[in-house]
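Chemist: Below is one structure. I have some questions about it.
The values are calculated or read from the model by the stated rules, or taken from the named source; none is laboratory data. Everything numeric here is computed off the predicted structure, so don't read it as measured data. Here the Cβ is made from the backbone with ideal geometry for all residues, glycine too, and neighbour counts use every protein chain on show.
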Amino acid sequence: MAAFGDGIPTQTIVAGKLRRYHHLSLWQHITWPSLMFRNIGDAFLVGVGVLQSLAKLILWRPDVVFTKGGYVCLPVGIAAHILRIPLVIHDSDAHPGLTNRALSKWATYIATGAPLEYYEYPKHKSSYVGIPIDSQFRIYTKDEQKKAKAEWGMHPDYPLLVVTGGGLGAKRINDAIARALHEFLEFTSVILVAGAGQYDELRALMPADSNRFQLYPFIATMPKLLAAADAVVTRAGATTILELSASYKPTILVPNAKLTGGHQLKNAKVYEDAKAVIVVDEEELLASADVLVSAVKDLIDNPQKANAMAKRFGEFAKPRAAQDVAKLILKARK
């Protein structure tokens with residue numbers, strides 16, 4: 001809350017989610033007792049959350065309700081519909097989530113993070129706006145990149161590979177880097193942002209920090225780190241992808257295939273179809289880290305290909321996404 005100012009009031013409601021896993025069949029979901037019991041219990045929480053939301057919205061009397069698609073948005077969106085309050089929703093992922101699919105029929109306007117062709121929302125009330133991101137994610141000049149490398153203490157004569165699985169890290173990506181680090185260091189420097197959960201384990205296995213390799217549990221200044229990068233390996237979360245797009249970085253995506261609805265697979269496909277990124281299959285990576293080594297080396301050894309790919313990637317950047325979402329919200333209140 002402090003990051004957004006103490007003047008923004010924050011309140012909570014209870015909510016529940018439907019746990020679904022892309023790699024499991026419907027029968028496997030049904031015959032997993034603990035999963036079924038948790039889903040049934042959470043359905044009750046949704047009902048309680050609707051009642052809480054109704055009370056709050058009646059008290060607040062808002063002109064518009066804006067939701068981002070997480071499961072906590074469902075009770076609020078239902079309450080807004082019951083009270084006939086205009087509803088604006090935003091869908092970051094290329095695969096619409098269950099909450100947004102449920103609320104879309106009541107929404108006044110729908111904003112999307114990916115092109116509209118990847119959604120089945122009604123086109124007359126849908127707008128492709130991208131995802132609001134920090135303005136510090138931008139194109140950096142060669143001089144700025146050189147300075148950023150120096151600030152991170154990285155060797156100026158080696159291209160820099162940045163590897164990150166997001167705030168929590170990504171174990172399979174981390175393990176692949178650990179297994180093949182000596183191969184990567186033959187042609188590039190590496191900064192690995194491993195996540196706090198695996199940092200101590202990797203710290204014990206990997207070399208000390210130097211101007212060729214550095215290991216971090218978390219980076220709070222990711223735009224500054226990306227400024228130094230020549231190539232990036234990461235998961236396929238929607239916001240991360242658009243941050244890299246705005247930075248025009250040659251990117252290799254390793255989508256997590258097990259997440260609900262396979263949304264990271266579908267996110268990655270949007271940009272793979274446009275030849276804007278390289279996608280590495282996680283199961284292939286699990287079998288051998290060579291697939292990632294080869295993909296990175298291909299980018300490093302072919303700067304023209306990497307630059308062309310980064311340019312296509314940058315065409316997806318939407319620097320005015322926040323303003324465009326705000327316009328929809330203001331339009332809905334009229």
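Chemist: Would you pick out the residues in region 110-149 that are in contact with a helix residue (DSSP H, G or I) (Cβ under 6 Å, 6 or more places away or on another chain) and over 24 Å from residue 243 (Cα atoms)?
Modeler: 121
Chemist: Would you check which residues across region 146-190 are assigned to a helix (DSSP H, G or I), surrounded by 16 or more Cβ atoms within 10 Å (Cβ to Cβ), of a type in the set (A, V, I, L, M) and without any contact (Cβ under 8 Å) to a residue 60 or more places away in the chain and list them?
Modeler: 178, 181
Chemist: Under the condition of being in a strand (DSSP E or B) and within 21 Å of the chain's Cα centre (by Cα), which residue from region 191-244 is nearest to residue 297 (Cα to Cα)?
Modeler: Checking each candidate, the answer is 231.
Chemist: Between 297, 266, 305, which is charged (D, E, K, R), at pLDDT below 95 and part of a helix (DSSP H, G or I)? Walk me through it before giving the result.
Modeler: Values: 297 fails: at pLDDT below 95; 305 fails: at pLDDT below 95.
Of 297, 266, 305, the one residue that is charged (D, E, K, R), at pLDDT below 95 and part of a helix (DSSP H, G or I) is 266.
Chemist: Can you find a residue that is part of a loop (DSSP other than H, G, I, E, B) and out of contact with any helix residue (DSSP H, G or I) (no Cβ under 6 Å at 6 or more places or on another chain) anywhere in region 49-58? Before the answer, list the steps.
Modeler: Keep residues of region 49-58 that are part of a loop (DSSP other than H, G, I, E, B), which gives none.
The answer is no; no qualifying residue exists.
Chemist: Restricted to region 308-321, and to residues that are assigned to a helix (DSSP H, G or I) and either touching a residue at least 12 places away in the same chain (Cβ under 8 Å) or not small (Gly, Ala, Ser) (or both), which residue is surrounded by the fewest Cβ atoms within 10 Å (Cβ to Cβ)?
Modeler: Per the criteria, the residue is 311.
Conditions (1) part of a helix (DSSP H, G or I); (2) over 20 Å from the mean Cα position of the chain (by Cα); (3) farther than 30 Å from residue 219 by Cβ, marked per residue:
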{"position": "79", "(1), (2), (3)": "yes, yes, yes"}
{"position": "85", "(1), (2), (3)": "no, yes, yes"}
{"position": "114", "(1), (2), (3)": "no, no, no"}
{"position": "127", "(1), (2), (3)": "no, no, yes"}
{"position": "140", "(1), (2), (3)": "no, yes, no"}
{"position": "144", "(1), (2), (3)": "yes, yes, no"}
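Chemist: Which condition from (1) farther than 30 Å from residue 236 by Cα; (2) crowded, with 20+ Cβ neighbours inside 10 Å is the one that residue 75 breaks?
Modeler: (1)
Chemist: Given the criteria loosely packed, with under 13 Cβ neighbours inside 10 Å, part of a helix (DSSP H, G or I), within 22 Å of the chain's Cα centre (by Cα) and not polar (S, T, N, Q), does residue 286 qualify?
Modeler: Against the criterion (loosely packed, with under 13 Cβ neighbours inside 10 Å, part of a helix (DSSP H, G or I), within 22 Å of the chain's Cα centre (by Cα) and not polar (S, T, N, Q)), residue 286 qualifies.
Chemist: Moving to a separate point now. Against the condition surrounded by 18 or more Cβ atoms within 10 Å (Cβ to Cβ), assigned to a helix (DSSP H, G or I) and basic (Lys, Arg), how does residue 327 come out, does it pass?
Modeler: Here the answer is no, as residue 327 does not meet what is asked.
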